[in-house]
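Novice: The structure under discussion is supplied below as structure tokens; questions concerning it will follow.
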Amino acid sequence: MAFTDLPEEQLRAYRSGVREPEDFDRFWADTLAESRACGWPVRAESAGAALATVDVLDVTFPGFAGQPVRAWLRLPRGARQPLPTVVQYAGYGGGRGHPLENLLWASAGFAHLQMDTRGQGAGWSRGDTPDPAAAGPEAPGVTTRGVEDPRTYYYRRFLTDAVRAVDAARELPAVDPARVAVLGHSQGGAAALAVAALVPDLRAVVAGVPFLCDIPRAVVVTDAYPYREIRDYLAVHRHAEDRVLATLAYVDGVNFARRCRSPARFSVALMDEIVPPSTVFAAVDAYRGPTELSVWRYNGHEAGGIDDDEAALRFLRGHLSPDPGPDAPGP
């Protein structure tokens with residue numbers, strides 16, 4: 001593997017030319033208002049996980065159009081509540097996984113809501129949430145599902161679910177609604193960026209190698225999936241380019257980043273074949289809140305791995321947690 005994009009000095013100077021729809025804000029305000037109007041009480045019950053230090057709850061909440069979305073809520077056993085909370089989104093192809101997986105954030109003292117991913121969850125981790133939508137032809141995968149119209153596009157539903165996951169977390173008694181952060185890697189990083197724009201009172205954002213940023217560039221500079229799905233679609237639907245790019249602008253992380261104010265931590269990998277580094281730099285440049293960025297020169301899409309997690313833990317503690325007394329439980 002080698003560097004996959006521009007030299008680093010050019011990456012740092014790169015600026016995206018992605019276009020912003022004139023009705024971008026109205027589109028998302030209407031979408032969220034419609035889905036919130038279809039809300040119903042969040043459900044949570046024990047997942048029966050046999051752990052000594054972490055409790056796991058099986059959560060179901062209303063997502064896009066009130067459709068049920070699953071999640072795990074992991075809580076540090078015995079910690080004083082309500083807790084600072086991390087809402088996490090999965091990477092492409094993954095779901096919420098097994099209740100015994102992904103114990104870092106609860107073990108560190110946070111409430112941790114891990115959202116399932118509609119229509120995914122059979123690639124590398126389990127999922128339990130369907131995507132009940134028929135939206136016309138698509139390339140294999142979900143990146144082109146309904147892509148010729150922003151109202152039918154898959155990522156409209158997914159990103160609405162991501163916002164509603166924060167709404168749901170704030171309804172749970174274990175959660176301090178004033179101390180919520182969002183976190184994700186790749187597709188999950190795209191969700192974190194979008195939610196940071198659409199839920200302006202978040203305490204912090206962690207977006208590792210975020211997908212869906214500067215999409216018009218990404219589609220033509222990488223041959224890797226899932227961006228390749230868009231190219232595959234346009235190779236067959238040759239006259240749909242304008243409609244497809246117009247739709248993608250409504251979910252582009254650069255357009256969301258221009259609306260974000262919460263402190264954010266990004267990571268980028270210069271040998272990443274899946275998310276071109278220039279697209280991450282484009283989102284960081286567009287971001288309107290304070291940012292920090294880790295650049296991993298010799299890594300691919302895994303980016304900093306556990307080192308990113310360690311840095312994110314320090315970052316989240318700094319933004320979510322008050323200075324506890326010496327005997328106080330929690331992070």
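Novice: Please identify the longest segment of the chain free of exposed chymotrypsin sites (Phe, Trp or Tyr not before Pro), where exposed means a DSSP state other than H, G, I, E or B and no more than 13 other Cβ atoms within 10 Å.
Specialist: For chymotrypsin sites (Phe, Trp or Tyr not before Pro) (loop position, at most 13 other Cβ atoms within 10 Å), the longest site-free span of the chain is 125-297.
Novice: Okay, next question. Kyte-Doolittle cut-off -1.0, length cut-off 24 Å along the helix's own axis using Cα: show which whole DSSP H helices in the chain pass.
Specialist: Membrane-span-like by this criterion, though nothing is claimed about a membrane: 154-171.
Novice: Assuming R0 = 35 Å, what is the FRET efficiency of Ala122 and Gln81, from their Cβ-Cβ distance, to the nearest 0.05?
Specialist: E between Ala122 and Gln81, to the nearest 0.05, is 0.50.
Novice: Please get the size of the charge dipole for the stretch 234-281, origin at its Cα centre, with Cβ charges of +1 on Lys and Arg and -1 on Asp and Glu, quoted in debye to the nearest 20.
Specialist: Working: 6 positive and 5 negative charges, 65 e Å.
Magnitude of the dipole: close to 320 debye.
Novice: Nearest 20 debye, what's the magnitude of the dipole of the chain about its Cα centre given +1 on Lys and Arg Cβ and -1 on Asp and Glu Cβ?
Specialist: Numbers: 34 positive and 42 negative charges, 109 e Å.
Roughly 520 debye for the chain.
Novice: Next up: Looking only at the chain, where both bridge partners belong to it, what percent of the DSSP beta bridges are antiparallel (to the nearest 5)?
Specialist: Here the share of antiparallel DSSP bridges comes out near 40 percent.
Novice: I need the calculated FRET efficiency for the pair Ala65 and Arg314, taking r as the beta carbon distance and R₀ as 30 Å, to the nearest 0.05. Intermediate values should be presented prior to the final figure.
Specialist: Details: r = 38 Å, r/R0 = 1.27.
Efficiency, rounded to the nearest 0.05: 0.20.
Novice: Moving to a separate point now. Within the set of other residues whose C-beta is less than 13 Å from the C-beta of Tyr14, count the net charge using Lys and Arg as +1 and Asp and Glu as -1.
Specialist: -2
Novice: If you don't mind, there's one more thing I want to ask. Work out how much length Thr152 to Ala52 would gain on full extension: take 0.36 nm times their residue separation and subtract the Cα-Cα distance, in nm to one decimal.
Specialist: Numbers: separation 100, 0.36 × 100 = 36.00 nm, distance 4.42 nm.
Taking 0.36 nm per residue and subtracting the Cα distance, the gain is 31.6 nm.
Novice: When ligands, DNA and RNA are left out and all protein chains stay put, how many square angstrom of accessible area per residue does the stretch 146-237 have with a 1.4 Å probe?
Specialist: 27 Å²
Novice: Compute the FRET efficiency between Asp242 and Arg15 as 1/(1 + (r/R0)^6), taking r as their Cβ-Cβ distance and R0 = 25 Å, and round to the nearest 0.05.
Specialist: Working: r = 23 Å, r/R0 = 0.91.
Here the calculated transfer efficiency is 0.65.
Novice: Here's something else I'd like to know. Describe numerically, in nm with one decimal, the distance between label points set 7 Å from Cα along Cα→Cβ at Glu273 and at Arg26.
Specialist: 4.4 nm
Novice: Counting only protein heavy atoms and a 1.4 Å probe, tell me what percentage of the stretch 1-157's accessible area is made up of carbon and sulfur.
Specialist: Of all accessible area on the stretch 1-157, carbon and sulfur atoms account for 53 percent.
Novice: Another question, then. Count the net charge of all other residues whose Cβ sits under 11 Å from the Cβ of Thr222, scoring Lys and Arg as +1 and Asp and Glu as -1.
Specialist: Result for the neighbourhood of Thr222: -1.
The values are calculated or read from the model by the stated rules, or taken from the named source; none is laboratory data. All figures in this text were calculated on a predicted structure; none of them were measured in a lab. Using ideal geometry, Cβ is built from the backbone for each residue, glycine included, and neighbour counts are taken over all protein chains shown. Areas reflect the complete protein model, heavy atoms only, side chains present, ligands, DNA and RNA absent. Shrake-Rupley method; radii C 1.70, N 1.55, O 1.52, S 1.80 Å.
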